[in-house]
Structures are given as C-alpha cells and as structure tokens.
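J.: Quick one: the structure is below, questions incoming.
The values are calculated or read from the model by the stated rules, or taken from the named source; none is laboratory data. Quick caveat: nothing in here was measured; it's all calculated off a predicted structure. Using ideal geometry, Cβ is built from the backbone for each residue, glycine included, and neighbour counts are taken over all protein chains shown. When the accessible area is computed, the model is the full protein with side chains, heavy atoms only, and any ligands, DNA or RNA have been set aside. Shrake-Rupley method; radii C 1.70, N 1.55, O 1.52, S 1.80 Å.
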Amino acid sequence: MSATPRIDLASVTRLTELADYIVPFTIRVMCDLAVADHLVEGPLPVDVLARRIGADPAALTRGLRALAGRGIFTEVEPEVFGLTPLAEPLRSDHPFSVRECFPLMPPDIYSWARLTHSLRTGETAFGHVHGGTRYYDHFADHPYECVRFERSAESVNPFVLRTVAPALDLAAARTMVDVGSGHGTFAAGLLVRHPELRATLLDLPHVVAEAPQVLAHAGVADRCEIRGASFFDPLPAGADVYLLKTIIHDWPDERAAAILRNVRTAARPDSRLVIIESVSRYGNHDDTGKVMDVKALALFGGRTRTEQEFRALLDDAGFRLLRVTPTSSMSVLEAVPAVPVPENGPTAGSPAVAAAGRSV
Ligand SMILES: C[S@@+](CC[C@H](N)C(=O)[O-])C[C@H]1O[C@@H](n2cnc3c(N)ncnc32)[C@H](O)[C@@H]1O
C-alpha cells in the first residue's frame, strides 16, 4: 500500500454524499410532512404545496431543491415541484411505501450522536444517553413514539412478505404463534395467504393494543388471538409454528437464548421454529443486515448473526437448524426441536397442547 494519499476526486465526492446527514434528515421531514402525498396528481407550485402541508414556502423550496439535486423530487419549472420515480415510494398509497419507515425520533437521534460511545465500549448509545434504559422499555411510557417505531418496523413488511413468502412453507400449518408480533402486519399478511392458518400475536401489552385495527383492516381478525405479554415469560404452548421475525437481532446472546428457550419449552416435538432476519456473511458486498447491525449496536444491544452463530444459539436452546434460505430481503431460518420431549415442557398429547390448539 502506498504511503502517499491517492488523489481521486470521485471518491471525495462520493464520500461527501455518503457521510452527510442533511439528505437523510431532509427526506425524513418530507415524509413527516407527507409532501409526496400532495404531489400524486402532478407537480404543484411550492406556495400551494406549502399552504396544504403547513410549511414556509421559502424554507420548503430549499429542502425540496436539495433533494431534487439527488433525484428525489424534481423542480419542473422554477418553484414548481413534482415526484420522481425515487420519490414515488414516499407516497402513503404506494404498495411498498416507506413513508413511515424513517421517523425522526429524538431519543434515537440523541443516541446516534453518541455512537462513538458504542464503538469504544460495545455498549448501546441509547442506554448511555437515557440513563441505562433499554430501547423497548422506553416505549412503555412513550406511546406516540412506540406507535411510530412499530409502524416504521412494519412498513417494510409488504416488501419482506413478498420476498420471503416463496421460501416459507406454511401449507400444512394450522396454528402459529408470532412471538414479538408488533401490530401484526406480518402475521396478517401470512393469514391472508394461508386461509387455513390461525395465529396468536404476542407482544408487549402497549404494543398489541394497536393490533385489532390492523387485523380488522386485513380481514383476518376472526383467525387471531392477541396476547399482551413478554416473550421472556412462558409462551402459548403447542403451536405448529413459532415465528420470530426480526426479533433475535435486537438482543445480546444470553437474552436471545432466553427467548429461544421459552419457545422450546412451549413447542411440541414436531413444532417448527421460523426465524426471519438478516444473516451476516464475511465480505464486502452491500448488505442491509450489516448496516442494521450498527443500529442494533447503537440502540438495542443486539447484533446481526452469521449462520454459525445462529446454529450455536439454536443448539444451546434445544433446536436443530434445518435450513437457511436467503431471499432478496431477509433470510428464512427453519429449526425443529432437537430433543423429542423437552424437560417440563408440553407433549403432543398433553392437555396444554390440546387447549392451545383450540385457542389459537
Ligand atoms: C423489530 S420489531 C419486529 C416486530 C414484528 N415481528 C415485525 O417484524 O413486524 C421487535 C418487536 O419486539 C417486541 N418486543 C420487545 N421486547 C419484547 C418483550 N419483552 N416481549 C414481547 N415483545 C417484545 C417489540 O415491541 C417489537 O414489536
């Protein structure tokens, strides 16, 4: 390697684009203000747009011009702005809308400002900034932020559902527990695809409070039971499938193992565990999982894991990893109980299982 710097102006330009946080913040504000929704009928003069969304016309022009320079929105004539293909997914009515994906949440942003702490110590910046509070505990007293977080997490679900559905064989399943279900959009999507399937959604009480509307909207409420509970407490027993979608990566090994052991205790010997999340690989390829790994470090205290790390975690919890199917979004990991009858756990013919079979 040479000791003198390589002069490559393209790298300087590209780095400047990647490193600034002006563009991401401005995109997020445009989402909050629902700018794209107001441009679906065609370009609008900025003063009309500003009146409709409650913005200052001159300030809005500056924000829109910055983004138009990056291909998001277009200034079709002076001070008249419209949508571009890159701006289309910012519309609320887009089938893969990302409008709610990027909330501006002050507790997160204060934490990102302390990312150095995470890199120096391996601890969460979130806990450092918020007096040791864990990310999900914070939401119990902050319902507005809780709803915004859940909507951001589930806003990618239509896309993830479409990409993972072919890798997910639920044809024979009749009962499923979605462990850490959020508002239930992912489970609802699976229920729509599998009319024979019934589900129990399990998440913290203040989170599942929003689930009934989501299930009713999807037309699957009659095939769902909702449980407000922690996945660190005993789980509904005896389901055909236990689903953990983007759950394990939120937690450090010992907490992730505790969740998996709870699933193992609740599972029948022939239940299946399905984990949907990113699996990390060595190498320089662009990979959302690697980027989300930094978020897990900064905010949650979890991590993106390799297949080997998943295998070890599952082994410890009494599961055998059967297969990992990569998709163009996340991977589908399928596991089965490694030991036929778990210690103190339910068996296929036990009353607990029969009851669960009826209730889910
Ligand atoms: C990244 S979100 C994933 C939500 C959902 N599985 C999805 O993919 O749309 C993680 C979920 O874990 C839930 N969660 C966190 N701690 C929990 C706990 N102790 N018990 C149950 N759910 C919990 C959160 O409320 C949140 O809904």
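J.: Only residues that are over 17 Å from Phe319 (Cβ atoms) and either more than 14 Å from the ligand (Cβ to nearest atom) or of a type in the set (D, E, K, R) (or both): list them for the range 225-252, please.
T.: Glu225, Arg227, Asp233, Asp250
J.: Do we find that Ala125 is outside the structural domain of Trp251 (by TED's automatic domain parsing) and either away from the ligand (no atom under 16 Å from the Cβ) or crowded, with 20+ Cβ neighbours inside 10 Å (or both) in this structure?
T.: Yes.
J.: Scan (1) at pLDDT below 95; (2) open to solvent by 10 Å² or more (accessible area, probe 1.4 Å) for the single condition Gly289 breaks and write down its number.
T.: (2)
J.: Shifting gears a bit: Just to be sure, is Arg255 more than 14 Å from the ligand (Cβ to nearest atom) and not in a strand (DSSP E or B)? Before you say what the answer is, go through the steps one by one.
T.: Values: more than 14 Å from the ligand (Cβ to nearest atom): no; not in a strand (DSSP E or B): yes.
It is false that Arg255 is more than 14 Å from the ligand (Cβ to nearest atom) and not in a strand (DSSP E or B).
J.: Sort out which residues of the range 86-110 are closer than 13 Å to Ser155 by Cβ and among the aliphatic types (A, V, I, L, M), and write them in order of number.
T.: Leu90, Val98, listed by residue number.
J.: Can you name the number of the only condition in (1) within 16 Å of Phe186 (Cβ to Cβ); (2) away from the ligand (no atom under 11 Å from the Cβ); (3) crowded, with 17+ Cβ neighbours inside 10 Å that His117 fails?
T.: Only one criterion in (1) within 16 Å of Phe186 (Cβ to Cβ); (2) away from the ligand (no atom under 11 Å from the Cβ); (3) crowded, with 17+ Cβ neighbours inside 10 Å is unmet by His117, namely (1).
J.: Can Arg305 be described as closer than 21 Å to Leu201 by Cα and open to solvent by less than 60 Å² (accessible area, probe 1.4 Å)?
T.: No.
J.: A follow-up question, please. Could you list all residues from the range 136-155 that are open to solvent by less than 70 Å² (accessible area, probe 1.4 Å), more than 8 Å from the ligand (Cβ to nearest atom) and in contact (Cβ under 8 Å) with a residue 40 or more places away in the chain?
T.: Selection gives Ala140, Glu145, Val147, Arg148, Ser152, Ser155.
J.: Tally up the residues in the range 18-45 that are in contact (Cβ under 8 Å) with a residue 40 or more places away in the chain and over 13 Å from Leu83 (Cβ atoms), please.
T.: Within the range 18-45, residues that are in contact (Cβ under 8 Å) with a residue 40 or more places away in the chain and over 13 Å from Leu83 (Cβ atoms) number 10.
J.: Is there any pair linking a residue in the range 46-73 that is assigned by TED's automatic domain parsing to the domain that holds Ile22 to one that is hydroxyl-bearing (Ser, Thr, Tyr) and in a helix (DSSP H, G or I), with Cβ under 8 Å and at least six apart or on different chains, and which?
T.: Val46/Thr61; Gly63/Thr26; Ala66/Thr26; Leu67/Thr26
J.: Let me ask another. Which residue, of Pro78, Pro95, Pro106, is in contact with a Pro (Cβ under 7 Å, 6 or more places away or on another chain) and not assigned by TED's automatic domain parsing to the domain that holds Ser278?
T.: Values: Pro78 fails: in contact with a Pro (Cβ under 7 Å, 6 or more places away or on another chain); Pro106 fails: in contact with a Pro (Cβ under 7 Å, 6 or more places away or on another chain).
Only one candidate qualifies: Pro95.
J.: Consider the range 50-97. How many of its residues are closer than 13 Å to Cys31 by Cα, among the β-branched types (Val, Ile, Thr) and more than 26 Å from the chain's Cα centre (by Cα)?
T.: Residues meeting the conditions: 1.
J.: Can we say Asn262 is at pLDDT below 95 and either within 15 Å of the ligand (Cβ to nearest atom) or open to solvent by 30 Å² or more (accessible area, probe 1.4 Å) (or both)? It would help to see each step written out before you state the result.
T.: On the way: at pLDDT below 95: no; either within 15 Å of the ligand (Cβ to nearest atom) or open to solvent by 30 Å² or more (accessible area, probe 1.4 Å) (or both): yes.
Judged against the criteria, Asn262 is not a match.
J.: A further question on this structure: Could you tell me whether the range 210-220 includes any residue that is within 20 Å of Ile275 (Cα to Cα), assigned by TED's automatic domain parsing to the domain that holds Leu260, surrounded by 23 or more Cβ atoms within 10 Å (Cβ to Cβ) and within 15 Å of the ligand (Cβ to nearest atom)?
T.: no
J.: Moving on to the next point. Looking at this structure, is Ala267 surrounded by 23 or more Cβ atoms within 10 Å (Cβ to Cβ) and more than 16 Å from the ligand (Cβ to nearest atom)? Reasoning before the result, please.
T.: On the way: surrounded by 23 or more Cβ atoms within 10 Å (Cβ to Cβ): yes; more than 16 Å from the ligand (Cβ to nearest atom): yes.
Here the answer is yes, as Ala267 does meet what is asked.
J.: Confirm whether Gly131 is over 28 Å from Thr185 (Cβ atoms) and open to solvent by 40 Å² or more (accessible area, probe 1.4 Å). Please lay out each step first, then the result.
T.: Values: over 28 Å from Thr185 (Cβ atoms): yes; open to solvent by 40 Å² or more (accessible area, probe 1.4 Å): yes.
The answer is yes for Gly131.
J.: I would also like to ask the following. If you scan the range 25-49, which residues turn out to be in a loop (DSSP other than H, G, I, E, B) and over 28 Å from the mean Cα position of the chain (by Cα)?
T.: If the condition is that a residue be in a loop (DSSP other than H, G, I, E, B) and over 28 Å from the mean Cα position of the chain (by Cα), then Glu41, Gly42, Pro43 are the ones that fit.
J.: Name the single residue that is farthest from Leu18 (Cα to Cα) among those in the range 67-78 being of a type outside the set (Phe, Trp, Tyr) and either crowded, with 17+ Cβ neighbours inside 10 Å or at pLDDT below 95 (or both). Give the steps one after another, and end with the answer.
T.: First, pick out the residues of the range 67-78 that are of a type outside the set (Phe, Trp, Tyr): 67-72, 74-78.
Narrowing the set further to residues that are either crowded, with 17+ Cβ neighbours inside 10 Å or at pLDDT below 95 (or both) leaves 67-68, 72, 74-75.
On the way: Leu67: 14, Ala68: 16, Ile72: 15, Thr74: 21, Glu75: 23 Å.
This residue is Glu75.
J.: What residue, of Ala167, Ala172, is more than 11 Å from the ligand (Cβ to nearest atom) and touching a Ser or Thr at 6+ places or on another chain (Cβ under 8 Å)?
T.: Selected residue: Ala167, the only one of Ala167, Ala172 that is more than 11 Å from the ligand (Cβ to nearest atom) and touching a Ser or Thr at 6+ places or on another chain (Cβ under 8 Å).
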